[in-house]
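Take a look at the structure below.
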Amino acid sequence: MTDDWARWGALPHVVLADADADAVELALGGGVPAERQPVVATGEPGPVVLADAENTPLAVRPAAGARLEPLRSRALRRGEDADPGFRLPADEVRVRVGAWTRGVAGTVLAVVLDDVIGVGDLAAAAERARELHAAGAVLLCLVGQPRPAHADDVPGAGVVRAAQAAREAVGVPTLVVAVPFSATARLEALAWPQDLPPTLEEIARAYGATDVLDLTAEPGPDRLAYTEVLRAREAVLAEHFPHASAGELSGALATGFTPGAVVLFTGLSGSGKSTVAKAVAARVAETSRRKVTVLDGDEVRHMLSAGLGFDRESRSQNVRRVGYVASLVAGAGGIVFAAAIAPYEADRADVRQRASAVASFVLVHVSTPLEVCEARDRKHLYARARAGDVPEFTGISAPYEEPTDADLVIDTSRLDLGEAVEVVLATLRERGVE
């Protein structure tokens, strides 16, 4: 692993879109053959650092044409799509499934999924496992973006949860794995060799499979049956209700008849606000009928706030834009978890006022001490700020106005992730967030 920031820190950085970051994670985790590694396609002739949407360095390409090298101990991102416990690199999965066939001849079946598994899918997997006398099976859940058209109503995390709950029906030892890949993804800063992404067969075998059952080619019979039910419901609405009435009924079913909520996590860089926000969002999405959205400050800057700097006015504009978008989603019945440094009291008050007018609002101050945040420094920002390379850096050369009106204060140096999530969920229940 390459981790010499003094060597790589000053290099040009390329912030990757989700599909590109997924490709890096997949490749560095051993999920594609060596000759199928993605290459940098941005035109940078020399060394370049690749970072994810949170601006966390993932890998470096030392020279034009050279293979990527990891800048972290594991090319593993904490995405919203799955519990990190399921997002395993292929190298690790091969070791685990290899234990099933150690010393004996045996088959490892990979079942590739991009949708929640149905009873017909499970029956097909169990039948294939019996035919092969398989020693074990791996349910490879494709969680990369974009989601397939026939399954865009289910997040990748839902595919993983459903597979985990149903794995015993396969009838052999079964491991569930979240795979950062989408068959329909188009790379931007990277490119696959010959412009051909790895096949699902290649990926499955990289994860240790000797036989592959691909359930992604088309919607399965169970999904088709569900789609027919939805069409029948729409037909009933169209036949028995005027257009406006049908729209009200559909909206009520989707939102639970009431506005949603905005939960703003504020704190220093490295405090853990994004990690906690995404983990809470994943838990809420498991049971809520509402649309759950995460707005991460760093990710928003690359899209909604592209072009803004880091002076005080730009920081304020960024936070207020986050609040504006969050209030729109919450007003339509969604639950929004927004994570931003949001250093100024006036900007947080603007978000509270805007959100409270249409939905519930909860402010969570992630009060992890500066010295802890700086010790983590996974983006190497504090070191660069101390060196004067990053002007107006919150906590070092720019102020952070601690909230006096927070609904909850947590310190991630005192709480582990699971404890922090439970505390936030308890507060949301107390505040009546459904």
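The values are calculated or read from the model by the stated rules, or taken from the named source; none is laboratory data. The structure presented is a predicted model; accordingly, all values stated were derived computationally and were not measured. For neighbour counting, all protein chains shown are included, and Cβ atoms are generated from backbone atoms with ideal geometry for every residue, glycine included. Side chains are part of the model used for accessible areas, which takes the heavy atoms of the whole protein and leaves out ligands, DNA and RNA. Shrake-Rupley method; radii C 1.70, N 1.55, O 1.52, S 1.80 Å.
Restricting the count to DSSP beta bridges whose residues both fall in the chain, what percent are antiparallel, rounded to a multiple of 5? Before the final figure, lay out the partial values.
Numbers: 8 of 48 bridges.
Expressed as a percentage, antiparallel bridges in the chain total about 15.
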query = Say we join alpha carbon atoms closer than 10 Å with springs in a Gaussian network model of the chain; which of Y226, Y344, Y207 then has the biggest fluctuation?
reply = Y226
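Rounded to the nearest whole Å², what accessible area per residue is found for segment 261-431 with the 1.4 Å probe? Mind dumping the intermediate values first?
Working: 7530 Å² over 171 residues.
Per residue, segment 261-431 has 44 Å² of solvent-accessible surface.
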note = With +1 on the Cβ of every Lys and Arg and -1 on the Cβ of every Asp and Glu, the dipole magnitude of the chain about its Cα centre, in debye rounded to the nearest 20, is 340
request  = Would you mind getting me the FRET efficiency between E127 and R429? Use the beta-carbon distance for r and R0 = 60 Å, nearest 0.05.
outcome  = 0.85
ask   = What is the Rg over Rh value, at two decimals, for segment 143-230, using alpha-carbon atoms and the Kirkwood definition of Rh?
value = 0.98
task = Calculate, for R231 and R386, the FRET efficiency according to 1/(1 + (r/R0)^6) with r their C-beta to C-beta distance and R0 56 Å; round to the nearest 0.05.
result = 0.40
Percent carbon-and-sulfur accessible area, segment 261-431, ignoring ligands, DNA and RNA, probe 1.4 Å = 51
key: Accessible area per residue in Å² at 1.4 Å probe, computed on segment 1-70   = 38
ask   = What residues qualify as long-range amide H neighbours of V48, i.e. H under 5 Å apart, gap of 5 or more or another chain, H built at 1.01 Å from N?
value = R61
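Between A99 and R186, what length in nm is gained on full extension when 0.36 nm per residue of separation is reduced by their alpha carbon distance?
The A99-R186 span can extend by a further 27.8 nm.
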inquiry  = Of G334, P197, A53, which is farthest towards the positive pole of the chain's charge dipole, taken about the Cα centre with +1 and -1 on the beta-carbons of Lys, Arg and Asp, Glu respectively?
reply    = A53
query = Hey, what do the phi angles of segment 97-114 turn into as Karplus ³J(HN,Hα) couplings, whole Hz, using 6.51/-1.76/1.60 and θ = phi - 60°, x for Gly and Pro?
reply = 6, x, 5, 5, 10, 5, x, 9, 7, x, 9, 10, 8, 9, 10, 9, 10, 10
key: Enclosed volume per residue, in Å³, of the convex hull spanned by Cα atoms of segment 261-431   = 105
ask   = What ³J(HN,Hα) values, in whole Hz, does the Karplus curve 6.51 cos²θ - 1.76 cosθ + 1.60 give for segment 313-330 when θ = phi - 60°, with x put for Gly and Pro?
value = 5, 5, 4, 5, 4, 4, 5, 5, 5, 4, x, 5, 5, 4, 5, 5, 5, 5
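Give me the Å³ per residue figure for the convex hull around the C-alpha atoms of the chain.
Values: hull volume 70.1 nm³, N = 434.
With only Cα atoms used, the chain gives 162 Å³ per residue.
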inquiry  = For the ranges 112-118, 139-145, what's the packing order if you count other beta-carbon atoms within 10 Å of each residue, average per peptide, and put the highest first?
reply    = 139-145, 112-118
query = Could you give the nm distance between label points at D416 and K291, where each point is 7 Å from its Cα heading toward the beta carbon?
reply = 3.6
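Note the per residue figure in Å³ for the convex hull of the C-alpha positions in segment 1-70. The partial results should precede the final answer.
Numbers: hull volume 5.8 nm³, N = 70.
Enclosed volume per residue, from the Cα hull, is 83 Å³.
With the convex hull built on the Cα atoms of segment 10-50, state its orientation-averaged projected area in nm². Write down the numbers at each step before the final one.
Working: hull surface 13.0 nm².
Mean projected area of the Cα convex hull: 3.2 nm².
How fast does segment 80-253 diffuse by Stokes-Einstein, in µm²/s, taking the Kirkwood radius from C-alpha pairs at 20 °C and 1.002 mPa s? Intermediate results must be reported in sequence, preceding the final value.
On the way: Rh = 17.7 Å.
Answer from the Stokes-Einstein relation: 121 µm²/s.
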note = Listed residues L213, L28, L58; largest mean-square fluctuation, Gaussian network over the chain with Cα springs below 10 Å, found at L213
key: Accessible surface of segment 80-253, 1.4 Å probe, proportion on carbon and sulfur as whole %   = 57
Using a Förster distance of 30 Å, the FRET efficiency for L328-D405 (Cβ separation, nearest 0.05) = 0.85
ask   = Which of the peptides 262-273, 372-383, 165-176 is most tightly packed, and how do the rest follow, judged by the mean count of other Cβ atoms within 10 Å per residue?
value = 262-273, 165-176, 372-383
inquiry  = Can you tell me which lysines have their Cα less than 29 Å from the Cα of K379? Leave out same-chain residues fewer than eight positions away.
reply    = K273, K278
Built amide H within the under 5 Å cut-off of L295, gap 5+ = F337, A338, A339
key: Highest-first arrangement of 189-200, 280-291, where packing means the average Cβ count within 10 Å   = 280-291, 189-200
